[in-house]
Every structure is written in structure tokens, then in C-alpha cells.
Amino acid sequence: MARQPGPLLFAALLLLAAAAAPAPGRPCGPAGLSRDTVLGRLGANVTLTCQDEGLANITVSWKMEKWGTVAAAVGAHDRWLAEGNTLLLWQLRYEDSGRYSCYVGGHPLRSLRLLVEEPPETPRVSCYRRSHDKDVLCEWPLQAKPSPGTRAMLWVKQRFAAENATEQRCRYFSKARKFVCRVKVPPGADDTKPLVVSTCVSNGAGGLAGEDRIITLSSVLKPDPPLNVTVEALEKAPQQLRVNWSYPSSWDPRFYWLRFQVRYRPEPAETFTEVEQVMTTWLDIRDAWRGTRHVVQVRAQEEFGHGAWSEWSQEAVGTPWTDPRDLTSEMGPFSSQFPMEDGTYGVTLPPELFGEDAADGAGGAVMEASAHSVASPYAFLVAGGSLLLGIALFVGIVVRYKQTWRTGGRRGAKQEGEAQHVLVPLGPPSPPLSETALLSPPGPLAPGALHVTNLDYFFSEQ
């Protein structure tokens with residue numbers, strides 16, 4: 001005899017079956033159409049028939065009555081149409097939807113409902129949550145405007161739970177061309193429990209269900225972009241910029257923080273430089289290009305990395321600090337400056353730039369300049385010091401060489417006196433000269449003077 005399953009096993013099977021079964025109340029198909037409804041596609045032609053068998057020698061008239069949203073949009077006005085057993089409508093529009101009735105002698109014979117609709121697009125839903133204390137928003141875009149009778153629904157339930165799904169009606173936003181559904185989050189909900197999100201879009205022409213999405217409240221966090229992004233120059237820092245921003249209004253920093261990512265680029269460049277893991281609401285850029293305008297953007301994410309990054313903020317621009325006295329590169333190689341009456345400096349351009357107009361000697365044209373000086377005073381100090389040092393070195397070298405020249409002259413005169421050759425008398429032999437000196441011993445040599453110590457040199461033969 002087979003053993004009957006225990007109550008615990010039976011309860012477990014029921015729980016699994018309930019979890020696997022689709023939630024009740026989630027039909028996704030075309031809206032039920034009555035037998036007297038004729039479905040027409042947008043832009044197509046349709047023929048309405050009053051009686052299956054033609055009525056001979058009887059005049060049949062057609063009358064149209066608008067209804068529903070179309071009547072509210074264009075006004076519910078009845079109008080009589082062409083006569084005949086059949087009514088042909090060309091290139092249907094949404095405004096052609098309504099009830100068409102045929103009459104014979106003022107008595108109605110038949111009434112048909114014409115529904116002009118297009119099958120809906122398959123929903124591809126994505127969900128996000130702007131803060132820990134906000135509801136979840138689920139949305140999906142559309143390529144074309146949906147038919148007036150299109151209805152979108154969303155269901156949310158906990159995964160592996162037997163509870164019924166929560167149903168939410170979705171709203172269509174024509175400017176953004178998307179459906180948006182709001183999922184209420186009860187206080188104290190567990191952010192880590194998985195939820196199953198299902199969608200369905202239907203109208204009279206058909207119904208389509210989107211693919212189920214499994215989410216958690218923490219995984220769909222996506223803050224709004226940061227606000228009030230500004231870029232400022234730092235005083236006397238030609239390669240630095242300071243970026244400031246603020247938290248989005250939808251995020252309360254008293255309970256949860258955000259981390260930020262900053263990207264920037266100089267305007268000639270196309271690629272961005274990114275700085276991550278910024279926990280403050282400001283950042284100093286230290287490698288900016290001198291004198292170049294930079295584009296800066298900021299985005300945010302939950303401080304522990306839960307969820308996704310926000311969209312990038314609006315672009316903010318800024319230029320690093322520039323020394324107002326450093327205008328040499330802007331004046332050109334042939335420009336000069338002189339003080340004006342108002343204390344500023346003017347720029348005198350050479351007459352060659354103006355052709356014959358400046359040939360009369362009146363001077364070049366004067367252009368106002370906002371700067372008060374062209375070059376830094378430190379440059380003049382360096383140039384003056386270098387000039388003085390060069391002059392001092394030149395004077396020292398001249399004095400040194402002069403002293404050396406004088407000493408060399410005295411030594412040359414002494415060597416010349418010591419190296420005299422024997423003089424040969426020019427005339428006939430004469431008695432030898434006295435050995436006594438012809439002249440008294442020379443005294444101290446005067447600076448630069450030349451003394452002759454032997455006059456016989458001038459009378460002897462060489």
C-alpha cells in the first residue's frame with residue numbers, strides 16, 4: 001500500500017505552485033469587442049454594410065455619432081453621410097471612430113461601431129528610484145503615439161511569495177512619448193528583497209505583455225543630476241579651477257550621502273578627463289590649460305555604490321586665472337605702449353600698417369589697452385643687475401691687464417740692458433775707453449721710462 005504524502009509536503013507543493021503560477025487579475029490581451037464592432041487600421045479603407053441583402057427602390061441614409069475620447073476631443077456632433085446600402089470610408093483616422101447607423105424613411109435599420117486603432121508596442125520597462133525615501137518609477141518609451149483607447153498596466157509582487165500582485169495604472173506623457181508607472185513603497189520596506197515587475201499594454205487591436213523584470217529597491221537607486229554646477233578661477237593659479245555643486249533637491253543628505261564623479265575638458269579637446277570617488281561638493285582641478293575655457297560636468301551615485309549613476313549635469317564652463325599684466329603675447333612684436341590721460345596704457349602701432357595715411361609723420365594709430373603695464377618689474381631688475389655686473393667685470397679685466405702690461409715693460413727693459421753685444425768702433429783704433437762709467441748710476445726707474453746705460457752702442461759697428 002502506497003504511503004500518503006504528509007501534510008508538510010503537501011503544503012510545500014501548494015506554496016511552490018502558487019509562487020510559480022501567474023498572479024490573478026493579470027490578463028493581457030485585446031479588449032473584448034462586441035459583435036457589432038468593426039475594427040479598422042489607421043490609414044486603411046473600410047466598408048460598412050446596412051443590410052446583407054440589397055434593398056431595392058429604397059433610399060438608405062447613414063448617420064455618424066462620435067463617442068468616447070474622440071467625442072470629447074473634437075466635440076460630439078452627429079452628421080449625415082452619403083446614401084446607399086454600403087458606406088465606404090477612405091484612409092481612416094482616429095477621428096473616424098464612432099457609431100454609424102443606417103436609416104430608411106427615418107427608421108434605424110442597423111447600427112455599427114467603428115474602432116480605429118493600431119496594435120500597441122511591446123513594453124520594455126526600466127525602473128528607477130531617485131532616493132531611499134521615494135517611490136519607484138517604471139517607464140518605457142514609445143516610437144509612435146498610441147491609439148486613444150490604449151491602456152497600460154503594471155503589476156508588482158515579491159518573488160517566491162504567494163501574495164497577490166499590486167496593480168498600478170500607467171500614464172502616458174505625450175511630450176516625452178513614454179508610459180510612466182508609480183510603485184508605492186511602504187515605509188520600512190526591505191531594500192534587498194527581490195520584486196517581480198510585469199507590464200501589459202492593450203487596446204481593441206491587440207494586447208502585448210512585456211518581459212518580467214526582477215529588481216530590488218536598492219538596485220534601482222538612480223539619483224537626479226547634481227545642481228548649481230559652477231566653475232571658478234583661483235587667484236594667482238593659472239592652471240587651476242575650482243568646481244562647486246550641490247545635492248539634487250530629491251536627495252536628503254542628512255540621512256544618506258552621495259559620491260560624485262567629475263569630468264572636464266578644454267574646449268579644443270574632445271575627450272574628457274574623469275575624477276572619481278569625490279565625496280565633497282567641490283573639487284580643485286590642478287592641470288587646467290592656461291588661458292583656455294574648460295567644460296565641466298558632474299554626476300552622482302549612492303555613497304556605497306548601490307544602484308546606477310545619475311545623468312550628467314548640465315555643462316558649466318570656466319577659464320583659469322590670467323595675470324592682467326601678462327599681455328606681451330597679445331600685443332605683437334612691433335607694438336609699444338605709453339600712458340594715457342586716464343591712467344591706462346595705449347598701444348602705438350607702426351605707420352607701415354596704415355599705408356599712406358601715416359606717412360605724414362603724425363605717428364601710428366592709438367588703441368586703448370586695459371592693462372597698466374607690459375612687462376613685470378622683476379624683468380627690469382634682473383636686466384639692470386646683469387648690466388651692472390657685466391660693467392664691473394669689464395672694468396676689473398681692464399685694470400688687471402693694465403697692471404700686467406706695466407710689469408712686463410719693466411722686465412723687458414732690464415733684459416734688454418743685460419743682453420748687450422760687444423760694440424765695435426766705427427773709426428780707426430783709439431785708446432780704450434775709460435773704465436769709469438760715463439754716467440752716474442741710474443736712479444729708480446720712473447714708471448714707463450726708457451733709460452740708455454751704454455751710449456757706445458750708437459757709435460759701434462754691428
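The values are calculated or read from the model by the stated rules, or taken from the named source; none is laboratory data. Note that the structure is a prediction, hence the values are computed from the model and not measured. As a convention, Cβ positions derive from the backbone with ideal geometry for all residues, glycine included, and neighbour counts pool all protein chains shown. Note: areas computed on protein heavy atoms with side chains; ligands, DNA, RNA excluded. Shrake-Rupley method; radii C 1.70, N 1.55, O 1.52, S 1.80 Å.
Test residue 114 against the criterion of being of a type outside the set (D, E, K, R), surrounded by fewer than 17 Cβ atoms within 10 Å (Cβ to Cβ) and in contact with a Phe, Trp or Tyr (Cβ under 7 Å, 6 or more places away or on another chain), and give yes or no.
no
Answer with yes or no whether residue 48 is part of a strand (DSSP E or B), in contact with a Cys (Cβ under 9 Å, 6 or more places away or on another chain) and at pLDDT below 90.
no
Suppose we filter 185, 125 for residues that are under 33 Å from the mean Cα position of the chain (by Cα) and of a type in the set (Val, Ile, Thr); which single one remains?
Result of the check over 185, 125: 125.
Take the residues of the range 285-327 that are among the β-branched types (Val, Ile, Thr) and open to solvent by 40 Å² or more (accessible area, probe 1.4 Å): which is nearest to the chain's Cα centre (by Cα)?
317
Could you tell me which of the residues 163, 139, 167 is open to solvent by 20 Å² or more (accessible area, probe 1.4 Å), under 18 Å from residue 220 (Cα atoms) and either in a loop (DSSP other than H, G, I, E, B) or not hydrophobic (A, V, I, L, M, F, W, C) (or both)?
On inspection, the qualifying residue turns out to be 139.
Take the range 30-49 and flag every residue that is exposed (fewer than 13 other Cβ atoms within 10 Å of the Cβ) and touching a residue at least 24 places away in the same chain (Cβ under 8 Å).
34, 36, 43, 44, 45, 47, listed by residue number.
Pairs please, first residue from the range 183-204 and free of Cβ contacts under 8 Å to residues at least 24 places away in the same chain, second anywhere and assigned to a loop (DSSP other than H, G, I, E, B) and surrounded by 13 or more Cβ atoms within 10 Å (Cβ to Cβ), Cβ atoms under 9 Å, 6+ apart in sequence or on different chains.
These pairs meet every condition: 187/133.
Output the residue which, of all residues in the range 142-160 that are basic (Lys, Arg) and in a strand (DSSP E or B), is least open to solvent (accessible area, probe 1.4 Å).
So, considering only residues that are basic (Lys, Arg) and in a strand (DSSP E or B), the one least open to solvent (accessible area, probe 1.4 Å) is 157.
What's the number of the condition residue 236 fails, among (1) over 30 Å from residue 324 (Cα atoms); (2) among the charged types (D, E, K, R); (3) surrounded by fewer than 19 Cβ atoms within 10 Å (Cβ to Cβ)?
(1)
I want to confirm something. Restricting to the range 75-90 and keeping residues that are within 18 Å of residue 104 (Cβ to Cβ) and open to solvent by 70 Å² or more (accessible area, probe 1.4 Å), which single residue is modelled with the lowest pLDDT?
Only one residue fits best here, namely 78.
When only residues in the range 170-189 that are open to solvent by 70 Å² or more (accessible area, probe 1.4 Å) and modelled with pLDDT under 90 count, which is nearest to residue 119 (Cα to Cα)?
186
Filtering the range 91-111 down to residues that are out of contact with any Ser or Thr (no Cβ under 6 Å at 6 or more places or on another chain) and of a type in the set (S, T, N, Q), which residue is most open to solvent (accessible area, probe 1.4 Å)?
91
Residue 42 fails exactly one of the following numbered conditions: (1) in contact with a helix residue (DSSP H, G or I) (Cβ under 9 Å, 6 or more places away or on another chain); (2) at pLDDT below 85. What is the number of that condition?
(2)
Of the residues that sit in the range 246-284 and are in a strand (DSSP E or B) and of a type in the set (A, V, I, L, M), which one is nearest to the chain's Cα centre (by Cα)?
Looking at the filtered set, the residue picked out is 262.
When the residues of the range 121-139 are filtered to those that are of a type outside the set (Gly, Ala, Ser) and in contact with a Cys (Cβ under 9 Å, 6 or more places away or on another chain), which remaining residue is farthest from residue 32 (Cα to Cα)?
Filtering the range 121-139 for residues that are of a type outside the set (Gly, Ala, Ser) and in contact with a Cys (Cβ under 9 Å, 6 or more places away or on another chain), the one farthest from residue 32 (Cα to Cα) comes out as 128.
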